[in-house]
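Trainee: Here it is: the structure, laid out below.
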Amino acid sequence: MKPPVDTHADRECIQTGVPPVCGPVKGGFKEVWQLAYPVVITMASMSLMGVVDTLFMGFVGTPQQGAVGLGAVLSWTLMSFFNGTITATNTFVAQLYGAKKHRECGPVVWQAFYFALLSLVVVFSVIIPNIRPLVHAIGSTDEVTWHACGYMNVRLAGSVFVFCNFCVVGFLRGIGDTKTPMKVTLFVNVLNVGFTYLLVFGKLGLPALGVPGAALGTVLSQGIASGIYLHLLFRKRTGDRFATRRFYPPMRDLFLRWLKVGVPIGLWWILEMGGFTVFTMFIATLGETQLAGHQIVRQLMHLSFLPGVALSVAALTLVGQYLGAGDPVSAERSARTSIKIAVLIMGSLSLLFVLLRYPIAYLFNRDPAVQDVAANLFFFVVVFQILDALGTVASGAIRGAGDTRWPMVVSLLLSWFFFVPSIFILGKVAGWGIYGAWSGATVYICILGLTMYGRFRGGKWKKMKI
């Protein structure tokens with residue numbers, strides 16, 4: 001007896017001309033979750049690197065804890081354009097994989113590596129030499145500035161590993177392999193905890209490096225991850241199927257098409273991250289207590305944001321693969337399933353943070369003043385978290401189709417003509433301080449989430465070609 005066919009999916013297939021689906025519905029919960037849960041674990045593990053740094057710095061001192069948070073945000077912001085652009089690899093590989101053009105995936109990865117090399121030139125020749133003037137311009141205390149610069153010098157020097165990892169992980173996710181990055185990240189994160197502990201506190205005869213030790217522990221673990229990823233990319237089994245072992249020079253047409261999709265993503269990332277960096281910079285001017293409390297909530301907010309990012313990756317991959325296969329119905333179903341799961345998870349986590357706000361704050365810092373600030377900020381998270389989930393996954397879905405320029409424009413307008421001004425208007429002019437700045441951030445995130453979801457609902461992405 002033949003297995004039953006989902007009648008709803010069967011009707012859709014008759015209307016669209018796509019063969020009917022037997023068994024589990026394409027784009028259903030099982031398929032989405034199998035892709036998403038390894039990304040949740042991967043990104044949670046990556047975020048734990050920052051959490052480990054923050055925890056260790058809590059035993060070193062409040063200025064050091066605030067400086068590591070500030071340095072981490074600035075470092076990621078300065079790399080975000082390059083990292084965001086490289087994620088175009090995921091979109092291209094997903095669509096090629098869905099179209100069963102497997103051996104065209106290799107050349108795409110090589111173009112990503114060439115862009116990464118160009119990015120390194122910019123980082124070492126332009127960004128690193130100007131770190132101190134940048135941090136000094138923020139207006140934080142001299143002690144925080146000193147420690148933040150020491151942290152950033154090390155982290156940015158390790159950008160070579162970050163860019164490499166983005167190139168290979170984009171390829172792996174494009175072919176639907178999210179478990180391998182999960183395994184690699186879990187392994188190197190264990191190493192990161194050990195490296196950071198030894199280097200920060202000077203154990204086993206090593207010098208106690210403090211803040212630079214926290215950065216060096218992260219960079220060393222990222223370097224080991226790069227070695228593993230490159231081995232997986234260039235091994236014979238991968239090379240035979242996806243043509244990754246063959247050398248491809250820069251290919252003008254492919255590289256330009258890759259940039260056409262990737263550069264708007266990179267600009268989108270840096271515009272959005274730039275807005276949040278200004279946000280943190282403003283908090284840094286309010287004092288060490290406010291900065292430390294902000295940093296605690298930012299780290300936990302980032303953890304709760306990860307399921308949304310993971311489901312965004314799942315939506316991007318499945319939308320790309322199904323559009324490449326000529327199946328827009330399954331592409332849309334994948335995106336909608338991803339959105340539902342993200343809203344449920346992120347909404348639940350935000351409520352948990354509010355209920356446990358004081359124990360969480362105490363875990364990170366023993367100063368009662370810092371704990372009070374952090375506990376109050378958790379209420380903002382519960383307000384915007386669901387709409388953040390909505391917009392994050394919707395944006396991933398349209399990126400899977402190659403719709404990247406429109407989100408970039410929206411991000412520019414909302415980040416720099418609404419979010420950034422609201423920080424200073426509510427935080428400084430109105431005199432509401434840290435709570436005014438967080439109010440501006442909350443409204444911005446809600447508007448952005450609704451806007452991205454509206455773009456997805458419009459359906460223009462279904463007809464795009466890259």
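The values are calculated or read from the model by the stated rules, or taken from the named source; none is laboratory data. All of these numbers come straight from a predicted model, not from anything done at the bench. Counting neighbours? That spans all protein chains shown, and the Cβs are built from the backbone with ideal geometry, glycine included.
Trainee: Which residue, of V370, V393, V381, V354, is more than 22 Å from the chain's Cα centre (by Cα), crowded, with 23+ Cβ neighbours inside 10 Å and assigned to a helix (DSSP H, G or I)?
Mentor: Matching residue, one of V370, V393, V381, V354: V370.
Trainee: Mind listing just one residue for me: the one in region 430-447 that is aliphatic (A, V, I, L, M) and surrounded by 15 or more Cβ atoms within 10 Å (Cβ to Cβ) and, of those, farthest from S334 (Cα to Cα)? So that I can check it myself, show each step before the final result.
Mentor: First pass over region 430-447, keeping only residues aliphatic (A, V, I, L, M): 430, 434, 437, 441, 443, 445, 447.
Subset that is surrounded by 15 or more Cβ atoms within 10 Å (Cβ to Cβ): 434, 437, 441, 443, 445, 447.
Values: I434: 39, A437: 36, A441: 29, V443: 28, I445: 24, I447: 24 Å.
Top of the filtered list is I434.
Each row is one residue, and each column tells you yes or no for (1) within 26 Å of L413 (Cα to Cα); (2) at pLDDT 90 or above; (3) of a type in the set (D, E, K, R).
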| position | (1), (2), (3) |
| --- | --- |
| G262 | yes, yes, no |
| G274 | yes, no, no |
| L291 | no, no, no |
| L306 | yes, no, no |
| T317 | no, yes, no |
| G326 | no, yes, no |
| V329 | no, yes, no |
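Trainee: Give the number of residues within region 185-225 that are among the β-branched types (V, I, T), farther than 30 Å from E31 by Cα and either surrounded by fewer than 23 Cβ atoms within 10 Å (Cβ to Cβ) or within 19 Å of the chain's Cα centre (by Cα) (or both).
Mentor: Qualifying residue count for the region: 4.
Trainee: Go through region 104-119 and give me each residue that's surrounded by 15 or more Cβ atoms within 10 Å (Cβ to Cβ) and hydrophobic (A, V, I, L, M, F, W, C).
Mentor: Listed by number, the residues that qualify are C105, V108, V109, W110, A112, F113, F115, A116.
Trainee: Among the residues of region 322-351, what is the count of those that are within 20 Å of the chain's Cα centre (by Cα) and among the aliphatic types (A, V, I, L, M)?
Mentor: Residues that pass the stated criteria total 9.
Trainee: Also, I was wondering about something else. What do you reckon, is F92 touching a Gly at 6+ places or on another chain (Cβ under 9 Å), surrounded by fewer than 24 Cβ atoms within 10 Å (Cβ to Cβ) and of a type in the set (F, W, Y)? Can you show your working first?
Mentor: Values: touching a Gly at 6+ places or on another chain (Cβ under 9 Å): yes; surrounded by fewer than 24 Cβ atoms within 10 Å (Cβ to Cβ): no; of a type in the set (F, W, Y): yes.
No.
Trainee: Give me the residue from region 134-184 that is more than 14 Å from L233 (Cβ to Cβ) and among the hydroxyl-bearing types (S, T, Y) and, out of that set, surrounded by the fewest Cβ atoms within 10 Å (Cβ to Cβ).
Mentor: Step by step, filter region 134-184, then rank; the result is T141.
Trainee: Please determine whether any residue of region 302-312 is in a loop (DSSP other than H, G, I, E, B), farther than 21 Å from F364 by Cβ, touching a Gly at 6+ places or on another chain (Cβ under 6 Å) and in contact (Cβ under 8 Å) with a residue 24 or more places away in the chain.
Mentor: no
Trainee: Which one is surrounded by the fewest Cβ atoms within 10 Å (Cβ to Cβ), of the residues in region 293-336 that are over 18 Å from G449 (Cβ atoms) and among the polar types (S, T, N, Q)?
Mentor: The qualifying residue surrounded by the fewest Cβ atoms within 10 Å (Cβ to Cβ) is Q299.
Trainee: When you look at L413, is it surrounded by fewer than 17 Cβ atoms within 10 Å (Cβ to Cβ) and either of a type outside the set (V, I, T) or at pLDDT 95 or above (or both), yes or no?
Mentor: Criteria met by L413.
Trainee: Here is a further query. Kindly establish whether L450 is over 21 Å from P328 (Cα atoms), of a type in the set (A, V, I, L, M), modelled with pLDDT of 95 or more and over 21 Å from the mean Cα position of the chain (by Cα). Can you show your working first?
Mentor: On the way: over 21 Å from P328 (Cα atoms): yes; of a type in the set (A, V, I, L, M): yes; modelled with pLDDT of 95 or more: yes; over 21 Å from the mean Cα position of the chain (by Cα): no.
It is false that L450 is over 21 Å from P328 (Cα atoms), of a type in the set (A, V, I, L, M), modelled with pLDDT of 95 or more and over 21 Å from the mean Cα position of the chain (by Cα).
Trainee: Let me ask something else. Could you tell me whether region 169-184 includes any residue that is closer than 23 Å to G266 by Cβ and part of a loop (DSSP other than H, G, I, E, B)?
Mentor: Filtering region 169-184 down to residues closer than 23 Å to G266 by Cβ leaves 169-175, 178, 181.
Of the ones still in play, those that are also part of a loop (DSSP other than H, G, I, E, B) are 175, 178.
So far as region 169-184 goes, yes, one or more of its residues are closer than 23 Å to G266 by Cβ and part of a loop (DSSP other than H, G, I, E, B).
Trainee: Please indicate, with yes or no, whether at least one residue in region 332-343 is outside any helix (DSSP H, G or I) and farther than 18 Å from D403 by Cβ.
Mentor: The answer is no; no qualifying residue exists.
Trainee: Which pairs turn up if I take residues in region 219-246 that are over 21 Å from F161 (Cα atoms) and touching a residue at least 24 places away in the same chain (Cβ under 8 Å) and look for partners that are in a loop (DSSP other than H, G, I, E, B) and of a type outside the set (S, T, N, Q) with beta carbon separation below 8 Å, at least 6 apart in sequence or on another chain?
Mentor: G239/R245; G239/R246; F242/I175
Trainee: Another one. Report, by residue number, each residue of region 410-454 that is within 24 Å of L323 (Cβ to Cβ) and either touching a Ser or Thr at 6+ places or on another chain (Cβ under 8 Å) or not in a helix (DSSP H, G or I) (or both).
Mentor: If the condition is that a residue be within 24 Å of L323 (Cβ to Cβ) and either touching a Ser or Thr at 6+ places or on another chain (Cβ under 8 Å) or not in a helix (DSSP H, G or I) (or both), then V410, G449, M452 are the ones that fit.
Trainee: Would you check if there is a residue in region 116-131 being closer than 24 Å to G61 by Cα and in a helix (DSSP H, G or I)?
Mentor: Checked region 116-131: at least one residue is closer than 24 Å to G61 by Cα and in a helix (DSSP H, G or I).
Trainee: Q299: assigned to a helix (DSSP H, G or I), within 15 Å of the chain's Cα centre (by Cα) and not small (G, A, S), yes or no?
Mentor: yes
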